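See below for the structure under consideration.
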Amino acid sequence: MQKDNRAETDIQAEAATGNKNHKISVLMDIGDDNLSQAQIDQRQQLNKWMGNDLVGMLNKAGYGANLIENRSQYKSGTYLLKVTIVKYNAGSKAARIVVGFGAGAVSLDTRYELFAPSGNLVLSDEHGVGSSIEWTSCARKLNKQTLKAVTAKLK
């Protein structure tokens with residue numbers, strides 16, 4: 001719980017740095033693997049939650065962020081932050097509950113790309129995390145890492 005409080009403080013501290021001049025459109029992508037319908041459904045649920053969470057974090061940090069569904073909704077003159085799911089394993093909630101000790105863990109790998117208003121790629125990285133708690137823990141942690149990298153680049 002203490003980590004979340006510190007992370008919230010970090011987000012609020014970013015709001016004081018004058019980031020309100022930066023507008024960011026966030027585009028979430030489920031990736032292009034050969035996916036079953038169940039995997040597509042899982043990734044769409046993950047994308048929706050993760051996108052809304054990331055936009056909320058960016059706005060709390062002082063950016064003017066909005067979520068777009070496709071590239072054609074992108075408005076020139078703003079930054080474009082594209083987040084793609086590279087790999088996602090939902091794990092097994094039953095194994096996490098019954099067995100514990102890391103069994104049934106969730107893992108999530110994403111790639112983020114930040115494009116300047118001019119269209120040039122200014123930041124790109126891949127990162128991944130795992131959790132024996134819930135998929136939202138993985139998504140939140142990756143969103144925090146993405147926010148930190150974007151903030152460092154735009155300062």
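Looking at this structure, is ASN52 outside any helix (DSSP H, G or I) and modelled with pLDDT of 95 or more? No: the conditions fail for ASN52. Identify, please: which residue in the stretch 13-23 is surrounded by 16 or more Cβ atoms within 10 Å (Cβ to Cβ) and either of a type in the set (Ser, Thr, Tyr) or in contact with a helix residue (DSSP H, G or I) (Cβ under 6 Å, 6 or more places away or on another chain) (or both) and is, among those, modelled with the lowest pLDDT? Result: GLU14.
Scan the stretch 130-148 for residues that are surrounded by fewer than 17 Cβ atoms within 10 Å (Cβ to Cβ) and within 12 Å of the chain's Cα centre (by Cα) and the total you get is 4. For the stretch 105-129, residues that are among the aliphatic types (A, V, I, L, M), crowded, with 20+ Cβ neighbours inside 10 Å and modelled with pLDDT of 95 or more total 1.
Table: residues versus (1) at pLDDT 95 or above; (2) of a type in the set (S, T, N, Q).
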| site | (1), (2) |
| --- | --- |
| ILE11 | no, no |
| ASN34 | no, yes |
| GLN37 | no, yes |
| THR84 | yes, yes |
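Residues that are more than 22 Å from ALA65 (Cβ to Cβ) and either out of contact with any His (no Cβ under 8 Å at 6 or more places or on another chain) or assigned to a helix (DSSP H, G or I) (or both) within the stretch 102-128 comprise GLY102, ALA103, GLY104, ALA105, VAL106, SER107, GLY128, listed in sequence order.
Test TYR88 against the stated conditions and say whether it is surrounded by 15 or more Cβ atoms within 10 Å (Cβ to Cβ), of a type outside the set (Asp, Glu), modelled with pLDDT of 85 or more and more than 20 Å from VAL122 (Cα to Cα). Walk me through how you get there before you give the answer.
Details: surrounded by 15 or more Cβ atoms within 10 Å (Cβ to Cβ): yes; of a type outside the set (Asp, Glu): yes; modelled with pLDDT of 85 or more: yes; more than 20 Å from VAL122 (Cα to Cα): yes.
Yes; evaluated as a whole, the condition is true for this residue.
Looking across the stretch 55-76, the residues that are outside any loop (DSSP other than H, G, I, E, B) and in contact with a strand residue (DSSP E or B) (Cβ under 7 Å, 6 or more places away or on another chain) come down to VAL55, LEU58, ASN59, GLY64, ALA65, ASN66, LEU67, ILE68, ARG71.
Anything in the stretch 129-146 that is in contact (Cβ under 8 Å) with a residue 60 or more places away in the chain and farther than 21 Å from ALA65 by Cα? List them, or say none.
Quick first cut of the stretch 129-146, residues in contact (Cβ under 8 Å) with a residue 60 or more places away in the chain only: 135-136, 139-140, 142-144, 146.
Passing the criteria: only TRP135.
Yes/no per residue for (1) more than 27 Å from ALA90 (Cβ to Cβ); (2) crowded, with 16+ Cβ neighbours inside 10 Å:
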position: ASP29; (1), (2): no, yes
position: GLN42; (1), (2): no, yes
position: GLN45; (1), (2): no, no
position: LEU54; (1), (2): no, yes
position: LEU58; (1), (2): no, yes
position: LEU67; (1), (2): no, yes
position: GLN73; (1), (2): yes, no
position: SER76; (1), (2): yes, no
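The values are calculated or read from the model by the stated rules, or taken from the named source; none is laboratory data. Computed from a predicted model, the values in this text were never measured in an experiment. Quick reminder, even Gly has a Cβ in these numbers, built from the backbone with ideal geometry, and neighbours come from all protein chains shown.
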